[in-house]
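**Student:** Structure provided below as structure tokens; questions to follow.
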Amino acid sequence: MMVEMRDLRKTFGAAAALDGLSLSVGKGEFLALLGPSGSGKTTLLRVLAGLEFVSSGSIAIGGRPIQDVPARERQIGLVFQHYALFRHMTVARNVAFGLEVRPKRNRPSAAAIRDRVAELLEMMEIGDLGGRYPDQISGGQRQRVALARALAVEPALLLLDEPFGALDAKVRRNLRVWLRALHDRMGLTSIFVTHDQAEALDMADRVAILRAGRIEQVDTPDAVSRHPANDFVREFMR
Amino acid sequence: MPRSHPPRHPDADAPIAGPARPAQRRWDLAALRRRLAIGLALSAMAILLVLPLVLIFTEALSKGLDIALEALAEPEAWSAIRLTLTVAAIAVPINAICGTAAAWCIGRFEFPGRALLTTLIDLPFSVSPVISGLVWVLLFGANGYFGAWLDRHDVRIVFALPGLVLATMFVTFPFVARSLISLMREQGAAEEEAALTLGANGWQIFVRVTLPNIFWAMLYGVLLCNARAMGEFGAVAVVSGHIRGQTLTMPLYVEALFNDYEWIGAFSVAALLSMLALVTLALRMLLEWRIERDRSAGV
Ligand SMILES: Nc1ncnc2c1ncn2[C@@H]1O[C@H](COP(=O)(O)OP(=O)(O)O)[C@@H](O)[C@H]1O
Ligand SMILES: [Mg+2]
């Protein structure tokens, strides 16, 4: 298993955002994390990325426990719900950021970084936007920039928090196909958060349904829609 | 006032159809009243704000430019100018750093007592400057808490440069912090978190992400901080000791000259301070325009 989460608990004050959550993700898998608003999806991704700390439970990535690994050393790519692009940097500088902040001994040369950025932008089909600023491009383009920025550092695990949430329906459908193809082509391991069940069923290898900080069911899209584990899942998948 | 039709928004009173004449006249009356109000406000502003400024310059130049410049070349005037610049050169950078750090804590983190701390930062604005000066005298003056100890070790704080710097720092502390807190709250921590997941360390995050995002607002705070630091009177008056040629900053020197009926000198130094205010005003407008642009560019 690539990612092993066991009995994760995270409380904010008295309320539990994660309430004994266990989940495994296989290498190369595209897992959709599906659940209503407030069910703890974002919290789970932030815990994985090291931006929040669990109250109890354990996380291992590639067999290595990561509780004590600081966020900056986890090598986990996180695409934020609202992109969180660096507003004062061009698209190219945004994408280069993760490479430019590396310590000197394993930082690629300036030329190598430039090539890598160009290659990534090309892959995201936004090759001509490198010189623009985030406020000069569309929502769908920002999404691709955020993805390119996260992928530039070759993360072991890619986390996407409702990446298409702010986009209109037509753009969403195109991006779905494109993102899934990208995942396969690059051999990524991805956790994709959404509250749209059609999107989850359409894209994922497996779907995990979350309610109030717990996993209700994890299975293939087919099995989840045919054999819902309980009424909540059945209701939610409709 | 009797009405023949329901009240309408004044802007809706465009001449369409029907009894156009009365509507037109009512509109004229409203416009007239508005113009009168604006005119009154502008005249009040001219009398209260512009007239004193004009008077300062006319008084300073009443005996000619040469005399005014001579007054500024006096050794005591030079000493006051140098002292004011020195105080500002120490107090403003320290406040810029501390204010940014305070704004960062308050703007980025939730912790118990955050609201209290936010209010506390404004304290120097709500207490009288005289008290802001008196505090230091009480602490470090000859009869103050640490007075005897300082005397034994031959350290002078009150009636010397350190006291002037402390009083100035206290009075001007809120400027930088205040200009940053709301902006940092608004921007949120998302960009910094993104930088963290991309492998940046704390210093890289600050220099590459945080600082560029707050740069213009910080400069704005520094500008206001500097203007006040150079112009402060009350707090420094208490800790200065009024030693001519040694502990008189420009505002204090103006008062000293004024009390000695040295009009030209007083107004010449005052004119210099006014020029600082005018430059500050111009830069301030420039920065406000820049910050507004940054704010609207948020993604
Ligand atoms: N920083 C926080 N402080 C307090 N409560 C929080 C915080 N972050 C999340 N929560 C709470 O945790 C629960 C799960 O939130 P979240 O993970 O954002 O859900 P989702 O992403 O599925 O909509 C919600 O009840 C939310 O109010
Ligand atoms: Mg969320």
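**Student:** Where the centroid of each part is defined by its Cα atoms, how far is the stretch B:196-241 from the stretch A:84-157 in Å?
**Tutor:** 30
**Student:** In Å and on Cα atoms, what radius of gyration and Dmax does the stretch B:98-139 show?
**Tutor:** Rg and Dmax of the stretch B:98-139, Cα atoms, are 13.0, 36 Å.
**Student:** Could you let me know the centre-to-centre spacing of the stretch A:12-47 and the stretch B:46-88, using Cα atoms, in angstrom?
**Tutor:** 67
**Student:** Given that compact globular proteins tend to follow 2.2 N^0.38 Å, what is the ratio of the alpha-carbon Rg of the stretch A:51-159 to that value?
**Tutor:** That ratio works out to 1.16.
**Student:** Calculate, axis by axis, the spread of Cα positions in chain A along the three principal axes, and write the results as whole Å, longest axis first.
**Tutor:** That works out to 54, 42, 32 Å along the principal axes.
**Student:** What is the diffusion coefficient of the protein assembly as shown in µm²/s, taking the Kirkwood radius over Cα pairs and the Stokes-Einstein relation at 25 °C with a viscosity of 0.890 mPa s?
**Tutor:** 85
**Student:** Let me have the 222 nm mean residue ellipticity of chain B computed from DSSP H runs of 4+ only, each contributing -39500 (n - 2.57), with the sum over all residues rounded to the nearest 500.
**Tutor:** Theoretical 222 nm ellipticity from helices: -23500 deg cm²/dmol.
**Student:** Under 20 Å from a label point 7 Å along Cα→Cβ of B:F206: give me every residue in the stretch B:157-183 with its amide N that close.
**Tutor:** B:173-183
**Student:** Return the carbon/sulfur percentage of the accessible area of the stretch B:65-298, one whole number, probe 1.4 Å, all protein chains in place.
**Tutor:** Carbon and sulfur together cover 69 percent of it.
**Student:** Considering chain B as a Gaussian network with a 10 Å cut-off on Cα pairs, which listed residue, B:I47, B:I214, B:I56, attains the greatest mean-square fluctuation?
**Tutor:** Of B:I47, B:I214, B:I56, the most mobile in the Gaussian network model is B:I47.
**Student:** Right, another one. Could you give the dipole magnitude of the stretch B:65-298 about its Cα centre, charging the beta-carbon of Lys and Arg +1 and that of Asp and Glu -1, in debye to the nearest 20?
**Tutor:** 560
**Student:** Same structure again: Need one value: the accessible area of A:D68 in square angstrom, 1.4 angstrom probe, rounded to the nearest 10.
**Tutor:** Rounded to the nearest 10, the figure is 150 Å².
**Student:** Something else about it: Give the lysines reachable from A:K41 as a straight Cα distance under 28 Å; neighbours fewer than 8 places away on the same chain don't count.
**Tutor:** A:K10, A:K27, A:K170
**Student:** Consider just the alpha-carbon atoms of the stretch B:157-246 and return their Rg together with their Dmax, both in angstrom.
**Tutor:** Computed over the Cα atoms of the stretch B:157-246, radius of gyration and Dmax are 18.3, 58 Å.
**Student:** Which residue fluctuates the most in chain B, going by a Gaussian network model with Cα springs under 10 Å, if the choices are B:A189, B:A103, B:A30?
**Tutor:** B:A30
**Student:** Choose one of B:L166, B:V137, B:F125: the residue whose Cα lies farthest towards the positive end of the charge dipole of the stretch B:103-183 (beta-carbon charges +1 Lys, Arg; -1 Asp, Glu; about the Cα centre).
**Tutor:** Final value for the positive-end residue is B:F125.
**Student:** What do you get for trypsin sites (Lys or Arg not before Pro) in the stretch B:92-189 restricted to DSSP loop and a cutoff of at most 16 other Cβ within 10 Å of the site's Cβ?
**Tutor:** Here the sparse-neighbourhood loop sites are B:R156.
**Student:** Against the longest principal axis of chain B, how steep is helix B:75-108, in degrees 0 to 90 to the nearest 10, with axes from Cα atoms?
**Tutor:** Once rounded, one gets 60 degrees.
**Student:** If you wrap the stretch B:65-298's Cα atoms in a convex hull and average its projection over all directions, what's the area in nm²?
**Tutor:** 15.8
**Student:** Follow-up. Taking the solvent-accessible surface of protein heavy atoms with a 1.4 Å probe, what is the per residue accessible area of the protein assembly as shown in Å²?
**Tutor:** 52
**Student:** To the nearest 10 degrees, how steep is helix A:139-151 against the longest Cα principal axis of chain A, on a 0 to 90 scale?
**Tutor:** So the helix axis and the longest Cα principal axis differ by about 90 degrees.
**Student:** Springs between alpha-carbon pairs under 10 angstrom, Gaussian network model over chain A: which of A:A71, A:A112, A:A148 fluctuates most?
**Tutor:** Most flexible of the set in this elastic network: A:A112.
**Student:** Now for a separate question. Can you compute the charge dipole magnitude of chain A about its Cα centre, using +1 on each Lys and Arg Cβ and -1 on each Asp and Glu Cβ, nothing else charged? Give it in debye, rounded to the nearest 20.
**Tutor:** Roughly 620 debye for chain A.
**Student:** Right, something else. Between the chain alone and the structure with every protein chain in place, find the residues of the stretch B:157-198 that drop at least 50 Å² of accessible area; heavy atoms, 1.4 Å probe.
**Tutor:** When all protein chains are present, B:E191, B:E193, B:L196, B:T197, B:L198 each give up 50 Å² or more of accessible surface.
**Student:** Of B:P93, B:A30, B:G202, which is farthest along the charge dipole of chain B in the positive direction, counting Lys and Arg as +1 and Asp and Glu as -1 at C-beta?
**Tutor:** B:A30
**Student:** Let me ask you something else. In square angstrom, rounded to the nearest 10, how much accessible surface does B:E76 have for a 1.4 Å probe?
**Tutor:** 70
**Student:** Buried accessible area for the B:A pair, summed, 1.4 Å probe, in Å² rounded to 100?
**Tutor:** Buried area (both sides, nearest 100 Å²): 2200 Å².
**Student:** What figure, in Å² to the nearest 10, do you get for the accessible area of B:F173 with a 1.4 Å probe and non-protein molecules left out?
**Tutor:** The accessible area of B:F173 comes to roughly 50 Å².
**Student:** Rounding to the nearest 20 debye, state how big the charge dipole of the protein assembly as shown is about its Cα centre with +1 on each Lys and Arg Cβ and -1 on each Asp and Glu Cβ.
**Tutor:** 1020
**Student:** Could you give the alpha-carbon Rg of the stretch A:133-238 over 2.2 N^0.38 Å, rounded to two decimals?
**Tutor:** Cα Rg divided by the expected 2.2 N^0.38 Å: 1.16.
**Student:** A follow-up question, please. Put +1 on the Cβ of every Lys and Arg and -1 on every Asp and Glu Cβ in chain A; which of A:T220, A:Q75, A:G63 then has its Cα farthest towards the positive end of the dipole?
**Tutor:** About the Cα centre, the residue reaching furthest to the positive side is A:Q75.
The values are calculated or read from the model by the stated rules, or taken from the named source; none is laboratory data. Quick caveat: nothing in here was measured; it's all calculated off a predicted structure. Glycine also receives a Cβ, built like all others from the backbone with ideal geometry; neighbour counts cover every protein chain displayed. SASA here: full protein model, heavy atoms, side chains in, ligands and nucleic acids out. Shrake-Rupley method; radii C 1.70, N 1.55, O 1.52, S 1.80 Å.
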